[in-house]
Amino acid sequence: MPLMKTGRYGRFWAMVATSAVLGWGAMYLNTYQFDHVLFSWTRVFMALIMGGLMTAVMMAFMWNMYPSRRMNLAVMGIAFVLFMAGLGLVRSQATVNDLAYMRAMVPHHSIAVLTSSRAQIADPRVRKLADGIIEAQVREIAEMKMLIADIEHSGPRGAAPLPSRSTALTPEMKRRAEDGAR
């Protein structure tokens, strides 16, 4: 296969990598303020998912532009691996420790502050909910930043992962939600 034709694959991967990096950066554009932009492995995992999807879609649309069926199939295989690796990592959070968790949650909470403070809300119940979200998220961002600084300075207080509480909607949580919706 002539070098000119195989070089197309390098250009293809450069497009995918550039798009994935730009997509990773774009995930921070909806943070409320700049100091809420912290490096997040969760966003890297999402960029892997986007990279895998972009690879498959771009190759499917441009299949005939690339000369080697074998290479095209390999590209699709790599797309699948990228997608599945990103999906597995983002869903399991297996590589996310205390600091990585909080560095991911600060920009996530910041998005809630942005949308809750700028949405054009007319229903007083929804405004009350949004204001409660703003208050909780701003406080939690401050707490996470303090914990990040403390753990970076003094180390974590625990050595083994602790189990999380249940994610089920408890009767008390449901009652509070119903009260808020009235």
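Each reported figure results from applying straightforward, stated rules to the coordinates on display, with no laboratory input. Worth saying up front: this structure is predicted, and the values here are computed from it rather than measured. Cβ placement follows ideal geometry from the backbone for every residue including glycine, while neighbour counts extend to all protein chains displayed.
Using only alpha carbons, build the gyration tensor for the chain and give me the equivalent ellipsoid semi-axes, biggest first, whole Å. Don't skip to the answer; put the middle values down first.
Working: eigenvalues 328, 89, 57 Å².
Square roots of five times the eigenvalues give 40, 21, 17 Å.
For segment 136-181, compute the orientation-averaged projected area of the C-alpha convex hull (one quarter of its surface), in nm².
Numbers: hull surface 19.4 nm².
With every direction weighted equally, the projected area is 4.8 nm².
Which percent of Cα pairs goes in each bin when the distances of segment 77-182 are cut into 5 angstrom slices starting at zero?
Reading the bins upward from 0: 2, 9, 12, 14, 18, 16, 13, 9, 4, 1, 0.
Based on the alpha-carbon gyration tensor of segment 3-92 and its eigenvalue square roots a ≥ b ≥ c, which shape applies: rounded if a/c is under 1.5, prolate if not and a/b is larger than b/c, or oblate? Walk me through the numbers on the way to the answer.
Numbers: a/c = 3.32, a/b = 1.98, b/c = 1.68.
Prolate is the answer for segment 3-92, as a/c is 1.5 or above and a/b outweighs b/c.
Which chymotrypsin sites (Phe, Trp or Tyr not before Pro) does segment 9-42 hold that lie in a coil by DSSP with at most 16 other beta carbons within 10 Å? Please report the intermediate quantities before stating the final value.
On the way: sites: Y9, F12, W13, W24, Y28, Y32, F34, F39, W41; in loops: Y28, Y32, F39.
Sites meeting the loop and neighbour criteria: F39.
Using just the helices of the chain, give the 222 nm mean residue ellipticity in deg cm²/dmol: DSSP H runs with n ≥ 4 each add -39,500 (n - 2.57), and the total is spread over all residues, rounded to 500. Kindly include the intermediate steps, with their values, before the conclusion.
Details: 6 runs with 133 residues, N = 182.
The per-residue figure over the chain is -25500 deg cm²/dmol.
Hey, what do the phi angles of segment 121-126 turn into as Karplus ³J(HN,Hα) couplings, whole Hz, using 6.51/-1.76/1.60 and θ = phi - 60°, x for Gly and Pro?
9, 10, 6, x, 5, 5
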